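Trainee: The structure's right below; bear with me while I get my questions together.
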Amino acid sequence: QLLSLSKTQPEAMHTSQFTQLDLVAIVKKTMQVLFALADLKTIDLGFEGSSDTEAIIMGNEEKLYDLIHNLIDNAIKYTPYLGKVNISVESKNNKICLIVEDTGKGIPKEDQPNVFKRFYRGDNVTQSGEEAGAGIGLAIVKEIANMHDATIEIDSRNEKSGTRFYAYFDAVVPK
């Protein structure tokens, strides 16, 4: 992950390396890789939405794969056995929104402003007994989002209702 983080630095990527991509296709490709991990915990990993939905954005496929992989991997990691992780992609007002939602323990309000900082791990992570990472996965997500002029939001109302991450990208509008 440290190598991935170093590759997300501003000098490591230029928008000239961006192409038109279908975000739904990248999500489905990423989910295929993570189904086995979800199965180990009997987690229902699903995509909500139409199979033929296209969500065209400008971006770097490898970086977007890393962003999506980190969000889904975290959702699986912090969701209990028999839980659910749902991914959806919505289009609205010239924005494409990626939503990763889990039924895990949630992120306390006081930790939410810090989760995108490098090496930050909240108390509920370090005390959870789960195999905690190095605290750079969400830092990678934030750097890649910034690289794509995307915004990331968290919705985690309490420590028992799970968490939703939203990533908003500019849609490519057909001419």
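The values are calculated or read from the model by the stated rules, or taken from the named source; none is laboratory data. Please read all numbers here as calculations on a predicted model, not as lab measurements. Heavy atoms of the whole protein, side chains included, go into the accessibility calculation; ligands, DNA and RNA do not. Shrake-Rupley method; radii C 1.70, N 1.55, O 1.52, S 1.80 Å.
Trainee: Only one of these conditions is not met by V85: (1) more than 16 Å from L21 (Cα to Cα); (2) part of a helix (DSSP H, G or I); (3) of a type in the set (A, V, I, L, M). Which number is it?
Mentor: V85 satisfies every listed condition except (2).
Trainee: Looking at the stretch 56-87, which of its residues are at pLDDT 95 or above and polar (S, T, N, Q)?
Mentor: Result: N60, N70, N86.
Trainee: Return the residues of the stretch 148-163 that are open to solvent by less than 60 Å² (accessible area, probe 1.4 Å) and at pLDDT 95 or above; say none if nothing qualifies.
Mentor: Scanning the stretch 148-163 gives H148, A150, I152.
Trainee: If you don't mind, another one. Which condition does L98 not pass, out of (1) in a strand (DSSP E or B); (2) open to solvent by 40 Å² or more (accessible area, probe 1.4 Å), if it passes all the others?
Mentor: Among (1) in a strand (DSSP E or B); (2) open to solvent by 40 Å² or more (accessible area, probe 1.4 Å), L98 violates only (2).
Trainee: From the set of residues in the stretch 105-144 that are in a helix (DSSP H, G or I) and modelled with pLDDT under 65, which is farthest from Y78 (Cα to Cα)?
Mentor: Ranking the qualifying residues of the stretch 105-144, first place goes to D123.
Trainee: Ok, one more. Can you name the residue in the stretch 38-49 that is open to solvent by 30 Å² or more (accessible area, probe 1.4 Å) and within 16 Å of V100 (Cα to Cα) and is also modelled with the lowest pLDDT among such residues?
Mentor: G49
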